[in-house]
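Trainee: The structure that follows is given in the form of structure tokens.
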Amino acid sequence: MTRYLISTRAVEDTCPCGTSILVGHDEGRFVTADSKPVDQAGELAALLDGCRTFALVTGELVYRSPGRIRIGLVGAGLFVEHRCTTYRQPSLLERIMT
Ligand SMILES: [Zn+2]
């Protein structure tokens, strides 16, 4: 069952809005994050704004759940999910059908 919850190395890309982003899969979920790392204050601001945050661990974006934040999982940096204002990410169904 876990073979569907893949995690892949994050790769740099450019969102159609022009922002440099990191793209990958985290435990089966397609994720995009702004490529500029943030410090803990930046992460706190993002969390208060309703954004998810990720740690870059062995090249993969790993969701910083409350438990992972509590144990201090940081990896090679903290990244905030990309919240695009000009481009809507395709839904899972749209990605499967194309
Ligand atoms: Zn964008």
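Trainee: Check E94 against each of (1) within 13 Å of the chain's Cα centre (by Cα); (2) more than 16 Å from the ligand (Cβ to nearest atom) and name the one condition it does not meet.
Mentor: The number of the failed condition is (1).
Trainee: Could you please let me know if L56 is part of a loop (DSSP other than H, G, I, E, B), among the hydrophobic types (A, V, I, L, M, F, W, C), surrounded by 13 or more Cβ atoms within 10 Å (Cβ to Cβ) and away from the ligand (no atom under 16 Å from the Cβ)?
Mentor: So L56 does not fit the description; no.
Trainee: Suppose we filter A33, A76 for residues that are touching a residue at least 40 places away in the same chain (Cβ under 8 Å) and out of contact with any Lys or Arg (no Cβ under 8 Å at 6 or more places or on another chain); which single one remains?
Mentor: Being touching a residue at least 40 places away in the same chain (Cβ under 8 Å) and out of contact with any Lys or Arg (no Cβ under 8 Å at 6 or more places or on another chain) holds for just one of A33, A76, which is A33.
Trainee: If you don't mind, another one. What's the total number of residues in segment 20-53 that are away from the ligand (no atom under 14 Å from the Cβ), of a type in the set (S, T, N, Q) and modelled with pLDDT of 95 or more?
Mentor: 1
Trainee: Listed residues R68, R83; which is touching a strand residue (DSSP E or B) at 6+ places or on another chain (Cβ under 9 Å), in a loop (DSSP other than H, G, I, E, B) and surrounded by 12 or more Cβ atoms within 10 Å (Cβ to Cβ)?
Mentor: Result of the check over R68, R83: R83.
Trainee: Further, regarding this structure: Could you please find all residues in segment 20-39 being under 11 Å from the mean Cα position of the chain (by Cα), among the small types (G, A, S) and either surrounded by fewer than 21 Cβ atoms within 10 Å (Cβ to Cβ) or outside any strand (DSSP E or B) (or both)?
Mentor: Scanning segment 20-39 gives a single hit, S35.
Trainee: While we're here: Out of the residues in segment 1-19 that are within 11 Å of the ligand (Cβ to nearest atom) and among the hydroxyl-bearing types (S, T, Y), state the one that is surrounded by the most Cβ atoms within 10 Å (Cβ to Cβ).
Mentor: For segment 1-19, the residue satisfying everything is T19.
The values are calculated or read from the model by the stated rules, or taken from the named source; none is laboratory data. Note that the coordinates shown come from a computational prediction; the quantities given were computed from them, not determined experimentally. No Cβ is skipped: glycine too gets one built from the backbone with ideal geometry, and neighbour counts run over all protein chains shown.
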